[in-house]
Amino acid sequence: RLPAPKSIEGVKLADIDPALLIAEGRQEIIVRLRTPSVARSGKKTPSERQMHKAQLKNEQSAFLRRAEKIAPGMKAGESVQVVLNAVFMEVDAQQIRALAEDKDVARISRVVNYELDLSETVPYITATAMQDIGFDGSGVKVAVLDSGIDYTHAAFGGGGTLADYEAAWGVGLGDPRQTTRDGLFPTAKVVEGYDFVGENWPNSPLAPDEDPIDLEGHGTHVADIIGGAGGVAPGVDLYAVKVCSAVSSSCSGIALIQGMEYVADPNGDSD
């Protein structure tokens, strides 16, 4: 990749994703602000990190109030403070340069959605031999950022029946699909998690809920490779973080960052 010129029409290219400089129409963007995130703040104690997180939220709110005047018609979305100090927005491409001139803005990038991919790894890395000498992942927590996990599957200690799976959906597999926690999740194996996309994105807006049950199947497959009964490390505790669609191969760029934010601090205590 060739180095970009330092500026174009007075706006530093380092501050704006180059693709946004030639974009047209409504754009979904992530705006990173200058104050370091909680992870990069150097704060040592949970209370200090909690205070820093609150400070970032205040700064983000102040920026969004200014952004409403800079970019009329903009739509504010989610925000994160732990892994990044950033807010998600939807704006017209013509408004991006003006937003980049705000005193608190460090970078404006596109929200990039991703596609699922899969590789078989257990035989290649000789995981069985490692398990035979006592390394099975016990005591380790693994977050799977994917399409969710079917925690009713027998590979994770569930009943493994269609009835169990349908029960996990609560109101069922109809249209629109939706899920809630109904006493079946979390489990002894899939110990926590969250659904950051909902059941119908990208055909409808992101609709997060507390139940990361898998419909598409990819996340269940990956989780089984990692920590299922026949997986690489069957002793691990799994966290199901649903960031990929139930109805397509798309993974939300917004949900991915929210998922990283969640797994950096699952219980929200800033530790």
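Tabulated results
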read-out	value
Residue-normalised accessible area of the chain, expressed per residue, 1.4 Å probe, Å²	52 Å²
With Cα atoms, 0 to 90° folded angle of helix 218-227 axis to the chain main axis	60 degrees
Isotropically averaged projected area of the chain, using the convex hull of Cα atoms (one quarter of hull area), nm²	17.4 nm²
Selected from GLY259, GLY159, GLY228 as most flexible by GNM, with the chain as the system and alpha-carbon contacts under 10 Å	GLY159
Cα long-axis angle, helix 46-70 against the chain (0 to 90 degrees, to the nearest 10)	50 degrees
Hits among lysines - C-alpha to C-alpha of LYS242 under 28 Å, sequence gap 8 or more where chains match	LYS53, LYS57, LYS75, LYS141, LYS189
Gain on full stretching of the segment that runs from SER138 to VAL112 - 0.36 nm per residue minus C-alpha separation	5.9 nm
C-alpha long axis of helix 253-264 to longest principal axis of the chain, angle in °	60 degrees
Apportionment of accessible area to carbon and sulfur, the chain, percent (1.4 Å)	53 percent
Loop trypsin sites (Lys or Arg not before Pro), the stretch 28-137 (other Cβ atoms within 10 Å of the site Cβ: 13 or fewer; DSSP)	ARG34, ARG40, LYS44, LYS103
Alpha carbon convex hull of the stretch 142-251, volume per residue in cubic angstrom	81 Å³
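The values are calculated or read from the model by the stated rules, or taken from the named source; none is laboratory data. Note that the structure is a prediction, hence the values are computed from the model and not measured. Note that each Cβ is placed from the backbone with ideal geometry, even for glycine, and that neighbours are counted across all protein chains shown. Note: areas computed on protein heavy atoms with side chains; ligands, DNA, RNA excluded. Shrake-Rupley method; radii C 1.70, N 1.55, O 1.52, S 1.80 Å.
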